[in-house]
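The values are calculated or read from the model by the stated rules, or taken from the named source; none is laboratory data. What you are looking at is a predicted structure, and each value in this text was computed from that prediction instead of being measured. Here Cβ is always computed from backbone atoms with ideal geometry, including for glycine, and neighbour counts include all displayed protein chains.
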Amino acid sequence: MKRDKISIKWNIFAYLSIFTGVMIVFLWFFQTVFLDDFYKTIKSSKIKSCAETVAENIDSSDLSNIMLSLSRQNDISIKITDKNGVSLDSIGVGPNSIIDRLSNEEIGAYYSKAEKNGGTSLQTFSEESFKINFKKPMDDMNFQDNNRPPDNRKKMESMLYVDIVSKKDGAKVMILVHSTITPLDATVETLRTQLIFITVIFMMLSIALAVFISKKISNPIVKINDSAKELAKGKYDTKFEGTGYKEITELNSTLNYAANELSKVDGLRKELIANISHDLRTPLTLITGYSEVMRDLPGENSPENIQIIIDEAKRLTSLVNDILDISKFESGTQEIELSEFNLTESIRNMINRYGKFTEQKGYNISFIYDEDTYIKADEMKISQVVYNLINNALTYTGKDKSVTVKQYYKDGYVRIEVIDTGEGISQEKIPLIWDRYYKVDKAHKRAAVGTGLGLSIVKSILDMHDGRYGVESTEGKGSTFWFELKTL
Ligand code: ADP
């Protein structure tokens with residue numbers, strides 16, 4: 001079979017890969033590209049908040065302790081000077097702190113810069129620029145971090161935050177907060193290596209997950225597909241099994257239902273072929289038999305025998321007509337031609353036509369009606385309905401051989417009832433008799449004649465007329481088949 005669609009497995013894998021890919025790209029961006037910026041932002045806000053805390057406590061007697069704990073917690077140096085750069089307090093200022101190395105003039109320069117800037121100023125500068133700016137050799141600064149690789153040391157950066165605040169006595173002082181910014185290159189490098197591992201692991205995981213999910217999803221589908229192929233071959237007892245998830249269970253029960261319906265149709269089709277061939281064979285055998293007898297034996301050429309041939313030919317015709325009708329109804333090509341006519345008159349004529357037959361066989365058909373009723377319907381088809389019902393009633397009626405047809409008016413509808421005194425139909429069979437090819441008792445006297453199509457034709461015609469119909473039956477007492485059509 002040609003596969004022009006991507007299988008579920010590859011689809012899932014593709015989606016999972018895209019998902020993993022996007023996730024990893026995000027991780028790369030945040031962990032490597034933006035990491036430095038994040039770090040600096042966090043650091044600067046920490047320095048600022050430390051300076052604020054100092055500013056809030058500038059008049060506190062506990063200021064030194066506060067500064068000490070801030071310095072320890074955040075690994076920063078804090079210095080408080082007056083506007084001329086004279087140190088008033090200084091904490092955490094180790095030998096590697098730049099602010100310890102600033103001259104009073106330089107601090108004074110920061111003061112005026114911050115003053116211009118509205119009281120605060122934040123600067124970041126690399127060690128190199130610091131060297132140039134402050135002309136103090138780095139080696140003099142005695143950095144503790146001497147074991148850092150030289151290129152990393154070069155990239156060391158400092159952040160200095162300056163905040164001018166007024167003390168209670170009105171004197172302006174300057175708070176300097178300094179922090180060293182550790183270069184993140186090594187960290188980024190580590191993260192990169194980690195991310196490579198993560199990428200590989202996630203890719204493998206997504207393959208494994210894709211295989212697992214697709215198996216879980218596609219296995220039941222593959223199973224259903226196999227069963228469906230069996231069904232297509234005509235094995236109607238195929239059972240669709242497959243668990244996993246709701247949709248699959250639902251699909252299974254739908255397919256089981258379909259298989260069941262197909263098997264019913266198939267059963268009916270087989271039965272119909274058996275029926276029809278049987279039904280066709282009986283009259284054909286009779287016709288051939290009688291014709292041969294009449295040809296060979298001159299004395300047998302009697303009107304009775306010819307009548308038998310005619311009757312059997314008629315039976316054949318009506319059987320073929322039934323089959324044609326039902327196939328037209330089924331294909332939906334049958335149309336109704338509406339006309340206004342006298343239904344009562346039509347039924348009266350019909351019953352009259354039975355006259356000879358009923359006389360001969362001792363049947364009695366009575367027609368009870370109150371007044372002539374007109375309806376708008378397809379006269380031919382409605383006659384067919386009445387014929388079918390009367391024929392059935394005649395066939396199945398009881399020993400008294402009587403059939404009653406009643407017509408009466410009921411809320412804008414005319415109701416026709418065809419009543420017999422036969423064996424009746426059991427309640428559970430009633431819904432089935434309207435089905436195509438259904439016969440209650442296959443060994444019944446008329447089983448050889450009826451095709452099980454009559455009531456199905458009745459149903460189709462009445463459905464086309466939006467009519468109502470049904471049957472009330474008491475076993476052993478008889479049945480009443482009825483239908484109702486709108487009157488004019
Ligand atoms: P059939 O050609 O076999 O009569 P129908 O479709 O007309 O087919 O009827 C279907 C089945 O319904 C019949 O085989 C019969 O068993 C049952 N049936 C129909 N009419 C009557 C009735 N008046 N009394 C009892 N059984 C009936």
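Got a sec? Which of S61, S44, S71, S49 is part of a helix (DSSP H, G or I) and surrounded by fewer than 16 Cβ atoms within 10 Å (Cβ to Cβ)?
On inspection, the qualifying residue turns out to be S49.
Could you tell me which residue of the stretch 308-322 is farthest from I273 (Cα to Cα), considering only residues that are crowded, with 16+ Cβ neighbours inside 10 Å, aliphatic (A, V, I, L, M) and within 15 Å of the ligand (Cβ to nearest atom)?
L316
Report, by residue number, each residue of the stretch 56-77 that is among the aliphatic types (A, V, I, L, M) and in contact with a His (Cβ under 8 Å, 6 or more places away or on another chain).
I76 - this is the single residue of the stretch 56-77 that is among the aliphatic types (A, V, I, L, M) and in contact with a His (Cβ under 8 Å, 6 or more places away or on another chain).
Which members of the stretch 327-353 meet the condition of being touching a residue at least 40 places away in the same chain (Cβ under 8 Å), surrounded by 15 or more Cβ atoms within 10 Å (Cβ to Cβ) and of a type outside the set (S, T, N, Q)?
F329, L343, I347, M350, I351 - these are the residues of the stretch 327-353 that are touching a residue at least 40 places away in the same chain (Cβ under 8 Å), surrounded by 15 or more Cβ atoms within 10 Å (Cβ to Cβ) and of a type outside the set (S, T, N, Q).
Is the stretch 107-122 home to any residue that is exposed (fewer than 15 other Cβ atoms within 10 Å of the Cβ), at positive phi and at pLDDT below 50?
no
Suppose we filter V386, V403, V414 for residues that are within 50 Å of the chain's Cα centre (by Cα) and within 16 Å of the ligand (Cβ to nearest atom); which single one remains?
V386
I375 - would you say it is in contact (Cβ under 8 Å) with a residue 60 or more places away in the chain, of a type outside the set (S, T, Y), away from the ligand (no atom under 14 Å from the Cβ) and farther than 11 Å from I347 by Cβ? Full working, then the answer.
Working: in contact (Cβ under 8 Å) with a residue 60 or more places away in the chain: yes; of a type outside the set (S, T, Y): yes; away from the ligand (no atom under 14 Å from the Cβ): yes; farther than 11 Å from I347 by Cβ: yes.
Answer is yes for this residue.
Within the stretch 431-488, count every residue that is at pLDDT 90 or above and of a type in the set (F, W, Y).
Of the residues in the stretch 431-488, 4 are at pLDDT 90 or above and of a type in the set (F, W, Y).
Among the residues of the stretch 233-250, is any assigned to a helix (DSSP H, G or I), among the charged types (D, E, K, R) and over 34 Å from the mean Cα position of the chain (by Cα)?
no
Quick check on the stretch 178-188. Is at least one of its residues of a type in the set (D, E, K, R) and part of a helix (DSSP H, G or I)?
yes
Starting from the stretch 384-412, keep only residues that are on the phi > 0 side of the Ramachandran plot, then list their pairs with residues that are not basic (K, R) whose Cβ atoms are within a distance under 7 Å, requiring at least 6 positions of separation or different chains.
The qualifying pairs are K401/G362; K401/Y363; K401/N364; G412/T487.
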